[in-house]
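Asks: Here's a structure for you.
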Amino acid sequence: MASFLRKRIISSAIPLVFVVLGVFCLARLTGNPVDLYLPLSATPEQRAEFSAAHGFDDSVPVQLWDYLGNAARLDFGVSLRTGEPADAMVLEAFPVTLQLAGMTMLLAVLGALLVGSLAAYRPQSAVDRLAGLLSMTAASIPDFWFAIMGVLVFGVALDWLPTSGTLGGPEVWVLPLATLLIRPFGVLVQVVRGSMVGALSAPYVKVARSKGADATRVVFGHALRNAITPVLTVAGDLAVGLVNGAVVVETVFGWPGIGKLMIDSILQRDFAVLQAAVLLTAVTIFALNILVDVCHALIDPRVRQAVPA
Amino acid sequence: MSAPDDRTSPAATSPRTRPPRWWRLLGRDRGAAAAAVVLALVFLVALFGRLFLGDRAVRQDLRASLRPPSLDHGFYGLLGTDVLGRSVLARLVDAAATTLSIAVPAVLCSLLIGSALGLWAGYHGGMRENVAMRVADVILSFPSLLIAVVVLYVFTPSAMNIVLILAVARIPVYLRTARAEAAELRSRLFVDAARTFGTPASAIIRRHLLPIALPTLLTVATLDFCFVMLTESSLSFLGIGIQPPEVSWGLMVAQGRQYLQTAWWIAVLPGLAIMLTTVSATVLAAWVRLATDPGQRWRLTLPRKRRGERAAVPPEMIA
């Protein structure tokens, strides 16, 4: 298990490094922040001073070296917009997105396991066809449009839910959660269903049935345990994709999460904040991938032995 | 499954074993047939719609501002007008062409490059396979929308750049699928035989691996078409995709958003158009997967009542 974990950590760390380096270089290509933050009337001396103060006058490799050195000491620089430390801003926004994404994945996985298993229990039944149609639609709805429709129907026409913001009771969560939920749910239902149809026709399920195990035990005790591996893989990838959704949802509903923070800092060339946000997101995704691998190994003993290259 | 043998002349295949014509199969599945019709219509409108439009998608008429959908104002007033009095129907048609002119090239590029790399990596194995898979991991492990945002901010958001980014972001999907197929096929007997005869690797990949992997890759491409369309729409919605005066469905939703309470049709209709197209592509992809799989095709030729389960969506479709 230890050697399995070590190998997985090393191979998952490679993308992490590339992402951090890539965003650093790309952000430098978006233009010099000096033009955006100083007035047009600024003298060349003021410009040079501003550049020197934030290290923009060094060459890109030198800037990168400084950045890595500072990051190792947990110093992520200050925001050009607000003057606050970048890490404080990112850490403030992060829990909002994490709560939203965590809740979404939990509901999506549990819901999909239930609906997908029900659909797979009797293929081509009414339940199965309904689940198929719903999940295909859910997986193909544009999320920003779904969010707007939610606002139009429940926020404006019926006036049941707030149209944006985070202030208030649990009702502020409904629309953002629903928007973020539809795509992972739709995809996962289809994965669970496909995987369960296979598992339910396996010999060990016939044995369990003939021994008199009841339907619940056969489905959730025997078949689901064997069918869960592909679901886990897809759920992990979908969780990465949730960052895409978070950008849209947080923009539409005005949530102060990390997706909105990243979009805003790109648009305003707030490099320090962007890099800190990307680093944290990349580390989270890295941890998530390791978690998925560990779950795989715990569920399936074959994975522990056959370590992928 | 038998090995595809390029030495067999077409005449040697007896007509009895020929698979049923695809349009017959399609006709038997009402859902898939409807999806195919919708997609065909969308493509026709995108291809030829602009010929009939003239300047109707951009012509402003402030007296006709925010007209609701009605039958009173001729064909182009059918779906109402936006705040500048432009016909929503005409703009939907115009946007269809823009949206597809991004989605189709992006899907084709990633399909071609990803499949070629994947088959190559999977067939050769070893170091080449490792490197290709690591590259795929790097691309996939980062949210595509965010990369697109950064890149589109550096290079101006032109249609060309959006196509490039979407193509690069989706290459790993085909690469992984093709590699898995090739890695499985390379130890089959017919590949061994071809290798023993001294067939060069490129010919083995082209003649022996590609025909078998192609149905799967095409299915993935159909599903990926949805994803690419949705991403382009999201980018345009966020204001970093298609820029006015050009128009795409996602951009129309964004423009209609501020008139949501007074003129719902501006934002609702383009969203419906996106959804109709993507759902049709998903339904059709499910059908293609059945129809191109010799082991599953019988489900489509049987009467409706006796058909078994459909294969579920493969993990490749995920974002």
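Asks: Would you call residue A:207 touching a residue at least 60 places away in the same chain (Cβ under 8 Å) and farther than 28 Å from residue A:280 by Cα?
Replies: Numbers: touching a residue at least 60 places away in the same chain (Cβ under 8 Å): no; farther than 28 Å from residue A:280 by Cα: yes.
Against the criterion (touching a residue at least 60 places away in the same chain (Cβ under 8 Å) and farther than 28 Å from residue A:280 by Cα), residue A:207 does not qualify.
Asks: Additional query: Considering each residue of the range B:224-267, count those that are acidic (Asp, Glu) and more than 11 Å from chain A (Cβ to nearest Cβ), and give that number.
Replies: First, the residues of the range B:224-267 that are acidic (Asp, Glu): B:224, B:232, B:246.
Next, only the ones that are more than 11 Å from chain A (Cβ to nearest Cβ) stay: B:224, B:246.
Total satisfying the criteria: 2.
Asks: Pairs please, first residue from the range B:218-238 and closer than 21 Å to residue B:290 by Cα and at pLDDT below 90, second anywhere and of a type in the set (D, E, K, R) and buried (at least 24 other Cβ atoms within 10 Å of the Cβ), Cβ atoms under 6 Å, 6+ apart in sequence or on different chains.
Replies: Note: pairs meeting the criteria are B:224/B:170.
Asks: Now for a different question. Among the residues in the range A:91-106, are any among the charged types (D, E, K, R), within 24 Å of residue A:239 (Cα to Cα) and surrounded by fewer than 19 Cβ atoms within 10 Å (Cβ to Cβ)?
Replies: yes
Asks: State all residues of the range A:249-278 that are in contact with a Pro (Cβ under 6 Å, 6 or more places away or on another chain) and over 27 Å from residue A:73 (Cβ atoms); if no residue qualifies, say none. Before the answer, list the steps.
Replies: Our first condition is that a residue be in contact with a Pro (Cβ under 6 Å, 6 or more places away or on another chain); within the range A:249-278, this holds for A:249, A:253, A:269.
Of everything in the range A:249-278, those that are in contact with a Pro (Cβ under 6 Å, 6 or more places away or on another chain) and over 27 Å from residue A:73 (Cβ atoms) turn out to be A:249, A:253.
Asks: Can I ask one more? Need the failing condition index for residue B:3 against (1) exposed (fewer than 13 other Cβ atoms within 10 Å of the Cβ); (2) over 25 Å from residue B:85 (Cβ atoms); (3) at pLDDT below 75, just the number.
Replies: It is condition (1) that residue B:3 fails.
Asks: For the subset of the range A:107-137 comprising residues that are facing another protein chain (nearest Cβ under 10 Å), in contact (Cβ under 8 Å) with a residue 24 or more places away in the chain and part of a helix (DSSP H, G or I), which member is surrounded by the fewest Cβ atoms within 10 Å (Cβ to Cβ)?
Replies: Once the filter is applied, the top-ranked residue is A:137.
Asks: Is it fair to say residue B:182 is in a helix (DSSP H, G or I) and free of Cβ contacts under 8 Å to residues at least 24 places away in the same chain?
Replies: On the way: in a helix (DSSP H, G or I): yes; free of Cβ contacts under 8 Å to residues at least 24 places away in the same chain: no.
The answer is no for residue B:182.
Asks: All but one of (1) over 26 Å from residue A:241 (Cα atoms); (2) buried (at least 21 other Cβ atoms within 10 Å of the Cβ); (3) more than 13 Å from chain B (Cβ to nearest Cβ) hold for residue A:181; which doesn't?
Replies: The number of the failed condition is (1).
Asks: Here's a follow-up. If a residue counts only when it is facing chain B (nearest Cβ under 9 Å) and free of Cβ contacts under 8 Å to residues at least 24 places away in the same chain, which helices (runs of 4 or more DSSP H) contained entirely in the range A:226-305 have at least 2 such residues?
Replies: Details: elements: A:258-267, A:271-299, A:301-305.
Fully inside the range A:226-305 and qualifying: A:258-267.
Asks: Please go through the range B:234-268 and give me each residue that is hydrophobic (A, V, I, L, M, F, W, C) and outside any helix (DSSP H, G or I), ordered by number. Quick ask: steps written out before the conclusion?
Replies: Of the residues in the range B:234-268, the ones hydrophobic (A, V, I, L, M, F, W, C) are B:235, B:237-238, B:240, B:242, B:247, B:249, B:251-254, B:260, B:263-268.
Result: B:240, B:242, B:247, B:260, B:263, B:264.
Asks: Right, here's the next one. Can you confirm whether residue A:217 is out of contact with any strand residue (DSSP E or B) (no Cβ under 6 Å at 6 or more places or on another chain), without any contact (Cβ under 8 Å) to a residue 60 or more places away in the chain and more than 14 Å from every other protein chain (Cβ to nearest Cβ)?
Replies: Numbers: out of contact with any strand residue (DSSP E or B) (no Cβ under 6 Å at 6 or more places or on another chain): yes; without any contact (Cβ under 8 Å) to a residue 60 or more places away in the chain: yes; more than 14 Å from every other protein chain (Cβ to nearest Cβ): yes.
Yes, satisfied.
Asks: Specify the residue that is surrounded by the fewest Cβ atoms within 10 Å (Cβ to Cβ); the eligible residues are those in the range B:185-241 that are of a type in the set (Gly, Ala, Ser) and closer than 16 Å to residue A:248 by Cβ.
Replies: Our first condition is that a residue be of a type in the set (Gly, Ala, Ser); within the range B:185-241, this holds for B:187, B:193-194, B:198, B:201-203, B:213, B:221, B:233-234, B:236, B:239, B:241.
From the residues that got through so far, the ones that are closer than 16 Å to residue A:248 by Cβ too are B:233-234, B:236, B:239, B:241.
Details: B:233: 32, B:234: 26, B:236: 30, B:239: 16, B:241: 27.
Ranking the qualifying residues of the range B:185-241, first place goes to B:239.
Asks: Pull up the range B:269-319, narrow it to residues that are at pLDDT 50 or above, surrounded by 18 or more Cβ atoms within 10 Å (Cβ to Cβ) and over 22 Å from the mean Cα position of the chain (by Cα), then point me to the one that is nearest to residue B:80 (Cα to Cα).
Replies: Checked the range B:269-319; the qualifying residue nearest to residue B:80 (Cα to Cα) is B:300.
Asks: Here's something else I'd like to know. Please verify whether residue A:102 is on the phi < 0 side of the Ramachandran plot, part of a helix (DSSP H, G or I) and touching a residue at least 40 places away in the same chain (Cβ under 8 Å), treating the condition exactly as stated.
Replies: Working: on the phi < 0 side of the Ramachandran plot: yes; part of a helix (DSSP H, G or I): yes; touching a residue at least 40 places away in the same chain (Cβ under 8 Å): no.
The answer is no for residue A:102.
Asks: Please identify the pairs in which a residue from the range A:8-22 that is under 19 Å from residue B:146 (Cα atoms) has its Cβ atom under 7 Å from the Cβ atom of a residue that is acidic (Asp, Glu), counting only partners at least 6 apart or on another chain.
Replies: Taking only residues 6 or more apart or on different chains, the pairs are A:15/B:137.
Asks: Just one of the numbered conditions (1) at the interface with chain A (Cβ under 10 Å from one of its Cβ atoms); (2) touching a residue at least 12 places away in the same chain (Cβ under 8 Å) is not true of residue B:275; which one?
Replies: (2)
Asks: Go through the range A:157-176 and count every residue that is surrounded by 14 or more Cβ atoms within 10 Å (Cβ to Cβ) and within 10 Å of another protein chain (Cβ to nearest Cβ).
Replies: Counting residues in the range A:157-176 that are surrounded by 14 or more Cβ atoms within 10 Å (Cβ to Cβ) and within 10 Å of another protein chain (Cβ to nearest Cβ) gives 1.
Asks: Which one of the conditions (1) under 32 Å from the mean Cα position of the chain (by Cα); (2) touching a residue at least 24 places away in the same chain (Cβ under 8 Å) does residue B:160 fail to meet, given that it meets all the rest?
Replies: (2)
Asks: Let me ask something else about it. Run down B:148, B:132, B:96, B:121 and say which single residue is within 30 Å of residue B:259 (Cα to Cα), within 14 Å of chain A (Cβ to nearest Cβ) and either crowded, with 20+ Cβ neighbours inside 10 Å or acidic (Asp, Glu) (or both). Lay out the reasoning, then the answer.
Replies: Details: B:132 fails: within 30 Å of residue B:259 (Cα to Cα); B:96 fails: within 14 Å of chain A (Cβ to nearest Cβ); B:121 fails: within 30 Å of residue B:259 (Cα to Cα).
Only one candidate qualifies: B:148.
Asks: With the requirement that a residue be buried (at least 19 other Cβ atoms within 10 Å of the Cβ) and polar (S, T, N, Q), what does the range A:190-249 give you?
Replies: A:190, A:195, A:244, listed by residue number.
The rows are residues; the columns are (1) in contact with a Lys or Arg (Cβ under 9 Å, 6 or more places away or on another chain); (2) not aliphatic (A, V, I, L, M).
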{"residue": "A:182", "(1), (2)": "no, no"}
{"residue": "A:199", "(1), (2)": "yes, no"}
{"residue": "A:214", "(1), (2)": "no, yes"}
{"residue": "A:220", "(1), (2)": "no, yes"}
{"residue": "A:229", "(1), (2)": "no, yes"}
{"residue": "A:237", "(1), (2)": "no, yes"}
{"residue": "A:243", "(1), (2)": "no, no"}
{"residue": "A:248", "(1), (2)": "no, no"}
{"residue": "A:258", "(1), (2)": "no, no"}
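The values are calculated or read from the model by the stated rules, or taken from the named source; none is laboratory data. Everything numeric here is computed off the predicted structure, so don't read it as measured data. Note that each Cβ is placed from the backbone with ideal geometry, even for glycine, and that neighbours are counted across all protein chains shown.
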